[in-house]
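All remarks here apply to the structure that follows.
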There are 4 protein chains.
Amino acid sequence: MSSVWGRNLTITVFGQSHAEAIGVVVDGLPAGLRIDEEELQTFMNRRAAGGAFATSRKEPDVPRIVSGLVEGVTCGAPITALIENTNVKSGDYRDLKDHPRPAHADYPAYVRFDGANDIRGGGQFSGRLTAALCVAGGLCRQFLKTKGIEVGAHIASIGDIRDTLYDPVAVNKENFLTDNFPVYDADAKAAMQARITAVREEGDSIGGTIECAAVGLPAGIGDPLFDGLENRLASRIFGIPAVKGVEFGNGFAAAELTGSQNNDAYYYDGDTVKTRTNRHGGILGGISTGMPLVLRVAIKPTPSIAKEQETVELSTKSGYALSIHGRHDPCIVPRAVPCVEAAVAIAIADYLV
Amino acid sequence: MSSVWGRNLTITVFGQSHAEAIGVVVDGLPAGLRIDEEELQTFMNRRAAGGAFATSRKEPDVPRIVSGLVEGVTCGAPITALIENTNVKSGDYRDLKDHPRPAHADYPAYVRFDGANDIRGGGQFSGRLTAALCVAGGLCRQFLKTKGIEVGAHIASIGDIRDTLYDPVAVNKENFLTDNFPVYDADAKAAMQARITAVREEGDSIGGTIECAAVGLPAGIGDPLFDGLENRLASRIFGIPAVKGVEFGNGFAAAELTGSQNNDAYYYDGDTVKTRTNRHGGILGGISTGMPLVLRVAIKPTPSIAKEQETVELSTKSGYALSIHGRHDPCIVPRAVPCVEAAVAIAIADYLV
Amino acid sequence: MSSVWGRNLTITVFGQSHAEAIGVVVDGLPAGLRIDEEELQTFMNRRAAGGAFATSRKEPDVPRIVSGLVEGVTCGAPITALIENTNVKSGDYRDLKDHPRPAHADYPAYVRFDGANDIRGGGQFSGRLTAALCVAGGLCRQFLKTKGIEVGAHIASIGDIRDTLYDPVAVNKENFLTDNFPVYDADAKAAMQARITAVREEGDSIGGTIECAAVGLPAGIGDPLFDGLENRLASRIFGIPAVKGVEFGNGFAAAELTGSQNNDAYYYDGDTVKTRTNRHGGILGGISTGMPLVLRVAIKPTPSIAKEQETVELSTKSGYALSIHGRHDPCIVPRAVPCVEAAVAIAIADYLV
Amino acid sequence: MSSVWGRNLTITVFGQSHAEAIGVVVDGLPAGLRIDEEELQTFMNRRAAGGAFATSRKEPDVPRIVSGLVEGVTCGAPITALIENTNVKSGDYRDLKDHPRPAHADYPAYVRFDGANDIRGGGQFSGRLTAALCVAGGLCRQFLKTKGIEVGAHIASIGDIRDTLYDPVAVNKENFLTDNFPVYDADAKAAMQARITAVREEGDSIGGTIECAAVGLPAGIGDPLFDGLENRLASRIFGIPAVKGVEFGNGFAAAELTGSQNNDAYYYDGDTVKTRTNRHGGILGGISTGMPLVLRVAIKPTPSIAKEQETVELSTKSGYALSIHGRHDPCIVPRAVPCVEAAVAIAIADYLV
């Protein structure tokens, strides 16, 4: 059931990198919601284009919605979007299966699926499936907007270069960035891009972090203990390939603080209870507080690198020196930004449908 | 449905801090499993006693198993354990409800439950419910042991003091620590304890991190994309109060590395595929690789501190200066160690029942 | 996960006939609901006493609510009710396990649980667990009442004796029966009771059917296709031991009709759309129509009969002539009436919490 | 979440009658299973063609599998099948929406989806979606066959004409019928077909029942109480439009019997425990006994009839005399036979993947 998510809003993602198509079924959005397909495409394009900060631009993924809409309006039936995989040339992939790529899912997938896993282009482990995720997320974003809730993310770091211009109290939809390399600090942005260019030239790759906020979420959304906002958000975000960590509010930094440093004081702003700081990230006890929901996600460096690596040859149970060819994103962080937004939007929408 | 977890192994936790009882229903463990209640109690005691590294020792929580066992052996029916709450004196809690404690769930719970939430002792948000979690985890540990899988955790840091003696490749069940303040580096341990003593004397509290490994897990356990090991593990671990972040393998540190630094080389150790390093933490693509599964959890400082804090008075919509009385753990990290082990054991057991 | 039910309202039933306790955890009822424990007990008593239409009366089952209420009001935490099993004398049950009783679950349970199943008193297959179901159902009934929805059932038949005084259009909460042998037609009632007396004297048992209505349910509750009202209702009702069939509206009788005989004409009663007849049973396409929801349940005769029966001896793989001793209900239909009401209330409440 | 089914085997059905496509995502079948697409198509054709026992034959529905297979073998990723809806002419359907058809889902769907429901061709309530169900069922049948389990159904009655040549003890895969009007008794078959012809000429329709067996299922599959075989089977079968009742073994007939008449005696057939009769239908306590699993399903008469019917006009809140035009199956029972087989195969497969 690994491809199905959610309770009242169910997301079923399907496809493999080189299957005929990938896609998603979104079940549970309310009927009567007008879907803006252009806005959806704009969101999709952020994922498609960001790979190398606007170089080697690919054609955008264009989802074809085959069910769930009547004249552009949801009818209550599940919405299904298809993205056909064209121009797929798989070639001979048996050699590939015999030499699992380090830090990819090749080897555990081989064991899990008794060698029958689809290795072509990474199969169902491919980052390509995040296109389906973004369709679902894009639809949920449009639903959330009708409730006054918006989700926005930025690149918080590439390697050790950080975007420090971020205020978890003041963040709001007016200052969300929507370009393909969203960084608030222009100097940091330039340094990040230079860094990516450098690792690419070395045949290497690099990781980074993404910071995401949901604003407009009222207090009182979520559940205590074992099915709260953090539980659901983390569960969905870890569905994005290459994510190795998720933290809320101060996150791991809170572990170094004292209570008096970490607690956020409450006050009244008119009739609204707010906190003066937002170290809790808008969630306490699994339930929203009304402050911006803020989380950060760790993205590991792309495992596919040109440099030669040590691996094994499964058929002979021996060692093997692997060189991975082809073009790979030297850094998937920019393209993962809308994916994080999508996962967050999906998780929150499940509470509100 | 916030109190129910799992697919094939279902954990239902119930109770509030000052309810007559707390407890748990564990459904799905195989029939015919002999439960060692003494071993279970030993595990429970680690949670109960660790509060202040062996000072102010409380009586251990003794679960009473009321269903699911016949002469100490599972019969296939759900196992239910009760822990009665004795000596509970709630007093007048209306005043408490009017002044939400910073960084506690009081305020969002008040909104979520329309003011009807049980505020006494923190209600269902209380850390006390982790006793129920540990019963479930203790049972799952015994099940996993029959499969050769064991789970062990240690305190990785308190504040900025770290236990650096940890090797994610070599970790194994022989070197798991099971005392109430499990730290490998004796100097670090002493410094951590001194730090906790210091913050307690200041009426403050402090956070920390816990590192946990599951060993003996074969390769091929898990699922791709959206219901993989990370998804499920994170979802369960965030059920522990005060957790603000979860990371696997190198986690957030991976975000600062290049691919050539972060990828783990494969090699054959006899017939077994292993990795020379373990930056991936035993999981790739949501599926186990056969290497130790390693994760870290960020625990925020206890929100209840003696120092005066700014909060609001809900009834008058005004400000309020709050002083929290009573004894509180200055650091819940030691007591959270078996809770993390429990959550990990539960998540893994769900795949194997 | 056989003991957990539901999506937004989760019911976890636990216990075996001779375990220390049975009980239920109800998670998802809204906070702020005042529970009338006396009304709950009255409902429970209908199940407890009806066994032989007021003879051999047993003490009522008294649930002890150990969590989820604060001063009689739901607080949002799961409600847990315990019923202690007192005076349980199991004796030597190994002989029992070796000779599976016909039409009981003994044999398939033996296979399913590798011989470790709890055979004492029927274990978790015992009708006793319906006491826990009735606690959950009784709580849901009180919740539904706040929405104007009530559930009532009657004995529709015992053997081939039928209660014909039932109108699925006019049924309403004013004419629900709540005694322990609820039959509208007094002559049929007397005949049914005489029939039960007769089979009891023969050391035999007899089956029957129960008809249940939910009234006050507005149109538009439910879902199309695979998670609709019938799906959920049937799934929950088959959780009651001895149920062998469920039908809605005309049910199996509809299979003998033509469309012109079976279709219900629509008309306006003031502003409300109604149907002149109610052969559809208040559900079309998985969604309520606003007419009374009507269903019928087939209850098989109690399998435990005094008459000698042919079975096997598992240890020797040979035949065995079995005589079942002890007192058994000659007809469980009367006691199953509140159980059906409970299952229906639980299924409907899940949509409305 | 009405379009998603299952725990370890998840079935997501999507589409509406006049959407661009309908289809299904099947997640959880084991990797390495070779799919025989021709056999799948043969199964699909039984649903497509049976409408009027071989008259007015339509082209078969040809599913296009777009994911989950590599060279005809499952790879562990979800299998997605699409059936494009060609030649769909919806015309003006607003008039249709204003006059809900009796016994169709039009009216409750209108309320449920605030008037935004897709009324064209019945939308997601259309029997057309059972084509997607049959794809999933056809795949599950192939999986079950590798376990020695087969599922077969026949028409048990049309109106009051019954196929009496059926033995629930002796039923086995050798005597399953696979033609488009599967009836064992040739006389009954002829009478049924004559009856359907007659009602069609009268502009009317007629209902019937389907009897289905699963053979080869070993003892011990299922779960007690609330998630057993009956619960899951019933839940899935009620997903087929027009089903109004489900019964197992003797079903409603058991309600008229005594225990001594209804209990099935156990005996040893070699090393295998069997029952001499099969009134229990192969399930006791939610768990299989090893005898053929036998159930019956009530199918109501097709609601669409040519005869004028009374309904309402929603826009004016007044009465309306409705005549339904177009060709409709006078009896959907034959086409529902493979649908029941599909639902049963899906429900059983979920336990065995």
³J(HN,Hα) computed for each position of segment C:112-120 - Karplus, 6.51 cos²θ - 1.76 cosθ + 1.60, integer Hz, glycine/proline x: 4, 10, 6, x, 8, 4, 7, 8, 4
Per the axis that maps chain A onto chain C, nearest residue of A (Cβ criterion) and its distance in Å: A:7, 3
Shielding score for C:320-327, defined as the mean number of other chain Cβ atoms within 10 Å: 1
At 7 Å out from Cα toward Cβ: residue B:321 inter-copy label distances (nm, ascending): 7.3, 8.4, 9.1
Shape parameters for segment A:211-353, alpha-carbon atoms, Rg then Dmax in Å: 20.0, 71
Placed amide H near residue D:290: partners under 5 Å, 5+ positions off or other chain: D:219, D:220
Sites residue C:276 and residue B:194, calculated FRET efficiency, Cβ-Cβ separation with R0 56 Å, nearest 0.05: 0.10
Cα pair count fraction exceeding 21 Å, expressed as % - segment C:125-252: 50 percent
Projected-area average for the protein assembly as shown over all orientations - Cα convex hull basis, square nanometres: 48.9 nm²
Position residue C:30, label points 7 Å along Cα→Cβ, spacing to each other copy in nm (shortest first, one decimal): 1.6, 4.6, 4.8
Two-site FRET efficiency, residue D:317 against residue D:172, from Cβ-Cβ distance with R₀ of 56 Å, rounded to 0.05: 0.45
Qualifying trypsin sites (Lys or Arg not before Pro) in segment A:224-304, DSSP loop, other Cβ atoms within 10 Å at most 14: A:276
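Counting only Cα atoms, I'd like the Rg/Rh figure for segment A:4-352, Kirkwood definition for Rh.
0.98
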Partner chain coverage, peptide D:25-33 - average Cβ within 10 angstrom: 5
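What FRET efficiency comes out for residue C:201 versus residue C:179 if R0 is 25 angstrom and r is the Cβ-Cβ distance? Round to the nearest 0.05.
E between residue C:201 and residue C:179, to the nearest 0.05, is 0.55.
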Where Rh is the Kirkwood radius over Cα pairs, Rg/Rh for segment C:252-304: 1.13
Cα long-axis angle, helix A:37-49 against chain A (0 to 90 degrees, to the nearest 10): 50 degrees
Long-range amide H partners of residue C:70 with built H, under 5 Å: C:75
Spatial separation of Cα centroids for segment A:239-289 and segment C:242-265, in angstrom: 56 Å
Too-long pairs where the Cα-Cα distance tops 28 Å, listed order kept, from C:97/D:145; C:97/D:244; B:173/C:97; A:147/A:300; A:189/A:300; A:97/D:173: C:97/D:145; C:97/D:244; B:173/C:97; A:147/A:300; A:97/D:173
Residue with peak Gaussian network fluctuation, chain B [Cα springs, cutoff 10 Å], from B:91, B:23, B:138: B:91
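So what is the 222 nm mean residue ellipticity for chain A from helices alone, if each DSSP H run of at least 4 adds -39500 (n - 2.57) and you divide by all residues, rounding to the nearest 500 deg cm²/dmol? Intermediate values should be presented prior to the final figure.
Working: 8 runs with 90 residues, N = 353.
Helix-only estimate at 222 nm: -8000 deg cm²/dmol.
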Label geometry 7 Å along the beta-carbon vector: residue A:93 inter-copy distances in nm: 3.7, 5.3, 5.6
Extension gain from residue D:8 to residue D:307, taking 0.36 nm per residue of separation minus the Cα-Cα distance: 103.1 nm
Chain D: relative contact order in percent, alpha carbon pairs under 8 Å with at least 6 residues between: 23 percent
Phi to ³J(HN,Hα) by Karplus 6.51 cos²θ - 1.76 cosθ + 1.60 over segment B:199-213, Hz, x for Gly, Pro: 5, 5, 5, 7, x, 10, 9, 8, x, x, 10, 10, 10, 9, 10
Of A:99, A:132, A:212, farthest towards positive along the dipole that unit charges on Lys, Arg, Asp, Glu beta carbons give segment A:4-352: A:99
Inter-probe distance in nm under a simple model that places probes 7 Å from Cα toward Cβ, at residue B:351 and residue A:86: 3.9 nm
Segment residue A:265-residue A:37, extension gain: residue separation times 0.36 nm, minus the distance between their alpha carbons: 77.8 nm
Nonlocal amide H pairs with residue B:161, under 5 Å, H built at 1.01 Å: none
Vicinal HN-Hα couplings computed from phi for segment D:307-319 (Karplus, 6.51 cos²θ - 1.76 cosθ + 1.60; Hz; Gly/Pro x): 4, 5, 10, 8, 9, 10, 10, 5, 5, 10, 6, 9, x
Packing-based order for B:139-148, D:206-215, using average beta carbon neighbours within 10 Å, highest first: D:206-215, B:139-148
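Rule-based calculations on the coordinates, nothing more; no lab input. Remember, predicted model here, so these are calculated numbers, not experimental data. In this analysis, Cβ positions are derived from the backbone assuming ideal geometry, glycine residues included, and neighbour counts consider all displayed protein chains.
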